[in-house]
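The values are calculated or read from the model by the stated rules, or taken from the named source; none is laboratory data. This one's a predicted model, so the numbers in the text were calculated from it and none came from an experiment. Every residue, glycine as well, gets a Cβ built from its backbone with ideal geometry; the counts of neighbours run over all protein chains shown. Accessible surface is based on the protein model in full, side chains and every heavy atom, while ligands, DNA and RNA are left aside. Shrake-Rupley method; radii C 1.70, N 1.55, O 1.52, S 1.80 Å.
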Amino acid sequence: MKMSNKEAVRKLLGLLKDYKKVIVLVIVCLLISTGLNMCIPLLSKGIMDDGFIGGDKELLIKQVVCSLIIYIIIAMIDVVKEKKRVDIAANIQYCLSEQSFKHLMRIKTDYFSNKNYAEILNNINMDIGNMTSIADDGVFFVVTQAFSMMGGIIGLFILDYRMTLMVLFFIPVKAVIMKCFAKKRKRIMDEFIAESEKYAGWFGNTVGGVREVKLFGILENKKNEFADRQLSVINRQKKLNMLTQWNNITDNVMVHLLTSFIYIVGANLVFDMQLSVGSVFAFITYSTYVTGPISAILNIGYLLSGIIPSTKRYYEFMALEEENGNEENGIKPCFGKLELQNVSFAYEKDKMVLRNVNVAFAKGSKTALIGRNGSGKSTLIGLLLQLYQPTNGSITLSGTDISEMVLKDYRNLVSVVSQDVYMFNTSIRNNICMYKEIDDKIVMEVCENSGLSDFISEVSLDYVVGQNGAMLSGGQKQRVAIARAIVNHPKILLADEPTGALDSHSGEQVMELFQSLNDEGVSILMITHDAEIASMAQRTVEIRDGMMKSKEVAET
Ligand code: ADP
Ligand code: MG
């Protein structure tokens, strides 16, 4: 889904919607300080004409003190305004981060097939950072600028209408130039965002493989890739910075050009006795009240041109489909027969992994699932866990389609020991209990059953497992995974090669555990390559060519 520029601007302004009252306060502060600022040139004119030239010392001092007081008041108002504005920016940043984090956690799992964490973090942070600049000083400033411009123009007309027309001619010229800059900036920003995303993706991918980089001696290749990718980001950054500089330089030159004209025309008027010297200086100050706002208002286009690409990407990300949790009107799952009817599934269009699979797992049954590498066994488990939805057909539990059930409750009922289980970098206890309050006695019992107790007695339940369990052996990790799966008393246990990383003794222990769970009535579906383990199940089903072959095995 592509978003239009208009829609993006609408969304951006929508971010400010919740802060109407505070924004009004900020703008009122800005208006007061702008209004006060307006008095300064008139005071300066008095200081110059009546004070210096007219020789009235007392008046001069009064006017100087008066300007000083005005400046102090302006400064105090600015502090109040800035505090409020910074609060708005921080709130927007927090809300966007929170929204995107929640969404990220609910998004369908296939999103993560092609994205690593570095890339995701980079995109989210960059987009939110850019979008938050909608609450930048410049944006609110602009609203008051129109007011300031009016005041400035009135001031100018009072002083001299001929020179005012000269100032007004400045507006369209400036607008055209700014538009060119904004257009160019948007284009470079688009490229910059895309290149940064590529770089972050590459970075995450490379750091994840740092061991392989060392072991296979590919540091040189990675260095070259780094240079390519990083330079293409930095070059865009350089262009953006230079463009902003050019924008400012052009702005300054134009203002100075205008001032120079005013000096020359003003001088002629002074020499002809049509204008006082103080008036010319007041005129120049007022003219900055007009040119400044024009720059600021037109600069908004320039500012937005940098934010819009991020806004679009952010909302495109937010529009990605989430898992349907059926929280409100889902059906409560009821343990019973688990059945696949005509289930087909493809990760990518036209590349069928499973084709018309029909198979049922009775309540309390124990089934071994076999098949060659890549035949679709893990995919089947993914479908049963509702990580993916069947392309065709349906999966039912006790006759109800599982996609209509409250997902949370369904996943409470169905537990999994995955092939590649993820460990959070926290204690073994937390990795087993997964935020549920469970008595240590029960946790120890579960550890006993899953063969972890020897290791626990060496360390403790508080042992921190490291990044994705890096401080555990493969077998220990697998046992934590088993403990995690059974601690909640699931009714259906799915296991993807649960003994793959275990020695034969431990493997037997796990099989005994599964048998005792099965004796208690738990349905078990277990992927295995071990013929002996498969033979212990009541039934073996095989996936071949994406289809299901089933053979009953005599009770052992
Ligand atoms: P296995 O039977 O070895 O567990 P899988 O179910 O993991 O096999 O994979 C079945 C097929 O699906 C393989 O051909 C694999 O390449 C493909 N596949 C697995 N996961 C994905 C994915 N996330 N995206 C696209 N294709 C995938
Ligand atoms: Mg597999």
Inset, instruction - Place the peptides 473-486, 111-124 in order of packing, highest mean first, counting for every residue the other Cβ atoms within 10 Å and averaging per peptide. - result: 473-486, 111-124
Legend entry - Per-pair calculated FRET efficiency, R0 = 30 Å: VAL143 and GLU348 via Cβ, rounded to 0.05: 0.05
Legend entry - Against the rule of thumb 2.2 N^0.38 Å, how large the Cα Rg of the stretch 430-556 comes out: 1.13
Legend entry - Rounded percent of accessible protein surface that carbon and sulfur make up, the stretch 387-489, 1.4 Å probe: 48 percent
Legend entry - Cβ-based charge dipole, the chain, positive-most Cα from LEU104, ASN241, ILE120: ASN241
Legend entry - Computed E for LYS441/ALA470 - FRET, C-beta separation, R0 35 angstrom, nearest 0.05: 0.75
Inset, instruction - Could you give the size of the charge dipole of the stretch 150-263 about its Cα centre, using +1 on the Cβ of each K and R and -1 on the Cβ of each D and E, expressed in debye and rounded to the nearest 20? - result: 140 debye
Inset, instruction - May I ask you to list the trypsin sites (Lys or Arg not before Pro) in the stretch 308-416 that are in a DSSP loop and have at most 14 other Cβ atoms within 10 Å of their Cβ? - result: LYS349, LYS351, ARG372
Legend entry - Dipole of the chain, positive direction: furthest Cα of GLY371, ASN299, PRO172, with charges on the beta-carbon: PRO172
Legend entry - Cut-off 19 Å, label 7 Å out along Cα→Cβ of HIS505, residues of the stretch 443-468 by amide N: 447-459
Inset, instruction - Positive end of the charge dipole of the chain (Lys, Arg +1 and Asp, Glu -1 on Cβ, about the Cα centre): tell me which of LEU275, LEU43, VAL28 has its Cα farthest that way. - result: LEU275
Legend entry - the chain: angle of helix 219-271 to the longest principal axis, Cα-based, in degrees nearest 10: 20 degrees
Inset, instruction - Please get the size of the charge dipole for the chain, origin at its Cα centre, with Cβ charges of +1 on Lys and Arg and -1 on Asp and Glu, quoted in debye to the nearest 20. - result: 2020 debye
Legend entry - Relative counts (whole %) of C-alpha pair distances in the stretch 1-146, using bins that are 10 Å wide: 10, 27, 22, 16, 12, 8, 4, 2, 0
Legend entry - Cα-centred dipole magnitude for the stretch 407-556, charges only on beta-carbon of K, R (+1) and D, E (-1), debye, nearest 20: 580 debye
Inset, instruction - Using Cα positions and a limit of under 14 Å, work out the aspartates and glutamates in reach of LYS20, with same-chain residues fewer than 8 apart set aside. - result: ASP87
Legend entry - Per residue accessible area in Å² of the stretch 21-153, where ligands, DNA and RNA are left out and the probe is 1.4 Å: 55 Å²
Legend entry - Distance violations [Cα-Cα > 19 Å] among LYS108/LYS549; LYS186/LYS238; LYS377/LYS549: LYS108/LYS549
Inset, instruction - Using only alpha carbons, build the gyration tensor for the chain and give me the equivalent ellipsoid semi-axes, biggest first, whole Å. - result: 72, 24, 22
Inset, instruction - Using amide H atoms built 1.01 Å from N in the peptide plane, name the residues 5+ places from ILE527, or on other chains, whose amide H lies under 5 Å from its own. - result: LEU369, ALA495, ASP496, GLU497
Inset, instruction - Note the angle between two axes, namely the Cα long axis of helix 137-159 and the longest principal axis of the Cα atoms of the chain, as a number of degrees from 0 to 90, rounded to the nearest 10. - result: 10 degrees
Inset, instruction - Please report the Cα spread of the stretch 225-366 along all three principal axes, rounded to whole Å, starting with the longest. - result: 107, 45, 23
Legend entry - Karplus-derived HN-Hα couplings along the stretch 476-484 (A = 6.51, B = -1.76, C = 1.60, θ = phi - 60°), whole Hz, x at Gly and Pro: 5, 4, 5, 5, 4, 4, 5, 4, 4
Legend entry - Helix 20-46 axis, angle to the chain major axis (alpha carbon atoms, nearest 10°): 20 degrees
Inset, instruction - Please report how far the C-alpha centroid of the stretch 471-487 lies from that of the stretch 114-173, rounded to the nearest whole angstrom. - result: 57 Å
Legend entry - Amide H partners (placed H, <5 Å) of MET405, local residues excluded: ILE331
Legend entry - Helix-only mean residue ellipticity at 222 nm for the chain, each DSSP H run of n ≥ 4 adding -39500 (n - 2.57), per residue, nearest 500: -21500 deg cm²/dmol
Legend entry - Hits among aspartates and glutamates - C-alpha to C-alpha of LYS115 under 14 Å, sequence gap 8 or more where chains match: GLU197
Inset, instruction - Determine the shape class of the stretch 202-294: with a ≥ b ≥ c the square roots of the Cα gyration tensor eigenvalues, call it rounded for a/c under 1.5, and otherwise prolate if a/b is greater than b/c, oblate otherwise. - result: prolate
